[in-house]
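Following: one structure in structure tokens, then a few remarks.
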Amino acid sequence: MKKVILAYSGGLDTSCCIPYLKEKGFRVICFSAKIGQKENFNEIKKRALRLGAEKIYIKDLLDEFLKDFILPSLWAKSLYESKYPLFTSLSRPLIAKYLVEIAKAEKTDFIAHGCTGKGNDQVRIEVSAKILNPKIKILAPVREWHFKSREEQAEFLLKKGLKLKVKKSHPYSLDENVWGLSIEAGPLEDLRNPPPKDSYFLVRAPESAINKPIDLEIELKEGIPFKLNGKKISFKKMIEILREAGAKTGVGRIDMIENRLVGIKSREIYETPQSVILHKVYEELYSLVLDRETLHFFDILSSKYSELIYYGLFFTDLKIALDKFFDYLRRFLTGKIKLRLYKGNIQILERYAKHSLYKKELATYSKGSVFNQKWAEGFIEIFRLPFIRK
């Protein structure tokens with residue numbers, strides 16, 4: 001019998017994949033990635049083995065995820081369609097990388113996933129895996145099996161000896177890692193209604209947020225966050241604190257209509273205080289240290305970079321080349337931003353950058369200005385030349 005490496009989350013879909021693949025004649029080996037999601041991995045391991053997996057690899061990839069995936073996305077100010085911080089999109093190429101590595105170690109050419117046929121993740125995993133190993137063979141049970149509902153899947157598992165409840169009170173599809181939580185499906189599919197209260201799991205509504213503002217000072221050195229409120233701190237710990245602070249103050253809710261790669265528009269809810277706050281910090285620092293031409297061109301490349309990640313093209317030549325561009329510019333990001341979180345808003349209180357191009361003596365309208373207003377006449381004469389026909 002051939003072996004297959006299954007990307008296993010422990011949820012309903014991937015749990016059904018184990019007996020399904022076994023019935024197709026495969027020996028199933030599972031792989032689960034620890035990237036900051038709140039899961040009981042001992043329970044996940046027991047569940048996989050109970051359903052017939054031969055063994056399961058559980059790898060702690062959080063540090064790699066932070067260093068090689070999340071930080072570069074911040075350097076590029078990566079927000080798909082100017083809103084989505086790409087946390088699910090960033091995790092899929094990492095998962096694909098280890099599916100391929102484990103398949104090599106297990107001496108098999110087969111990997112599998114539990115992604116649906118209308119989602120983006122199937123593309124991200126399969127394209128990434130094929131780039132890393134063009135000979136890899138990919139199985140996608142959800143695109144093949146006969147199940148018409150989650151209730152049918154739960155009944156199938158029950159016959160296999162595993163009871164998984166389908167909660168009708170929370171009919172949402174959730175995906176979480178250290179960078180955020182995504183929520184879709186259920187009542188959110190009716191665009192006439194605001195998101196129900198039970199569709200948010202982390203961030204308080206602004207009206208129920210704490211009444212006291214939270215002030216934070218975040219300091220970067222060459223693009224790497226290393227101080228919070230004057231104290232040295234790990235990037236991982238900073239993310240935890242920002243998540244908690246944003247959740248209390250109502251900062252970090254995103255409700256958007258998103259253009260999926262497969263051509264479907266979908267409504268997505270994201271709860272991600274940590275990424276919203278840090279993206280604001282990077283945006284403010286870049287505005288200080290980049291000249292106008294570089295900053296405007298940066299935004300063009302940032303949009304393209306975000307698309308490449310969203311589309312699953314993480315390991316392509318263009319994305320790798322763009323990484324070099326953003327890696328060069330992030331070296332100017334030494335400085336700090338002080339901000340205030342309050343009732344769903346972020347207010348910038350102070351800005352400082354070592355390589356700032358802002359010059360108060362040129363910008364000021366008060367005493368001490370060194371700007372010669374007579375310069376303007378000559379500048380305007382030259383600037384208008386290309387547009388005058390007679």
*Mind checking which residues of region 305-344 are closer than 17 Å to residue 68 by Cα and small (Gly, Ala, Ser)?*
306, 312, 321
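Going by the conditions given, is residue 102 over 23 Å from residue 263 (Cα atoms), part of a helix (DSSP H, G or I), out of contact with any Ser or Thr (no Cβ under 8 Å at 6 or more places or on another chain) and at pLDDT 95 or above?
yes
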*Would region 101-114 turn up any residue that is under 24 Å from residue 143 (Cα atoms), aromatic (Phe, Trp, Tyr), surrounded by fewer than 22 Cβ atoms within 10 Å (Cβ to Cβ) and in contact (Cβ under 8 Å) with a residue 12 or more places away in the chain?*
yes
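For the structure I just gave you, tell me whether residue 316 is closer than 25 Å to residue 219 by Cα, assigned by TED's automatic domain parsing to the domain that holds residue 249 and in contact with a Leu (Cβ under 9 Å, 6 or more places away or on another chain).
When the stated conditions are applied, residue 316 does not pass them.
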_Filtered residues of region 306-333 (kept if polar (S, T, N, Q) and either buried (at least 20 other Cβ atoms within 10 Å of the Cβ) or in contact with a helix residue (DSSP H, G or I) (Cβ under 6 Å, 6 or more places away or on another chain) (or both))_ = 306
*Which residue, of 224, 257, 233, 277, is crowded, with 21+ Cβ neighbours inside 10 Å and at negative phi?*
277
*Can you tell me which of 250, 186 is modelled with pLDDT under 95, of a type outside the set (Ser, Thr, Tyr) and under 23 Å from the mean Cα position of the chain (by Cα)?*
186
*Check every one of the helices (runs of 4 or more DSSP H) wholly within region 20-78 and list those with 2 or more residues that are touching a Leu at 6+ places or on another chain (Cβ under 8 Å) and within 17 Å of residue 239 (Cα to Cα).*
62-65, 71-75
*region 345-379 - residue that is in contact (Cβ under 8 Å) with a residue 40 or more places away in the chain and small (Gly, Ala, Ser) and, of those, surrounded by the fewest Cβ atoms within 10 Å (Cβ to Cβ)*: 356
*Does region 291-344 hold any residues that are part of a loop (DSSP other than H, G, I, E, B) and either closer than 20 Å to residue 276 by Cα or in contact with a Cys (Cβ under 9 Å, 6 or more places away or on another chain) (or both), and which are they?*
333, 334, 343, 344
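Would you point out the residue of region 204-216, among those that are within 13 Å of residue 346 (Cβ to Cβ) and at pLDDT 95 or above, that is surrounded by the most Cβ atoms within 10 Å (Cβ to Cβ)?
Within region 204-216, the match that is surrounded by the most Cβ atoms within 10 Å (Cβ to Cβ) is 209.
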*Restricting attention to region 3-23, does a residue exist that is in contact (Cβ under 8 Å) with a residue 40 or more places away in the chain and on the phi > 0 side of the Ramachandran plot?*
no
*With respect to residue 6, determine if the residue is in contact with a Lys or Arg (Cβ under 8 Å, 6 or more places away or on another chain) and either surrounded by fewer than 19 Cβ atoms within 10 Å (Cβ to Cβ) or not in a helix (DSSP H, G or I) (or both).*
no
*Which of the residues belonging to region 247-268 are touching a Leu at 6+ places or on another chain (Cβ under 6 Å) and under 17 Å from residue 209 (Cβ atoms)?*
247, 249, 251
*For region 76-99, what are the residues that are modelled with pLDDT of 95 or more and β-branched (Val, Ile, Thr)?*
95
*Considering 107, 77, which residue is at positive phi and in contact with a helix residue (DSSP H, G or I) (Cβ under 8 Å, 6 or more places away or on another chain)?*
77
*asked:* I'd like the full set of residues that are without any contact (Cβ under 8 Å) to a residue 40 or more places away in the chain and within 10 Å of residue 6 (Cβ to Cβ), limited to region 29-65.
replied: 30, 32
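The values are calculated or read from the model by the stated rules, or taken from the named source; none is laboratory data. The structure displayed is predicted, hence computed values, not measured ones. Cβ atoms come from the backbone with ideal geometry, glycine included; neighbour counts cover every protein chain shown.
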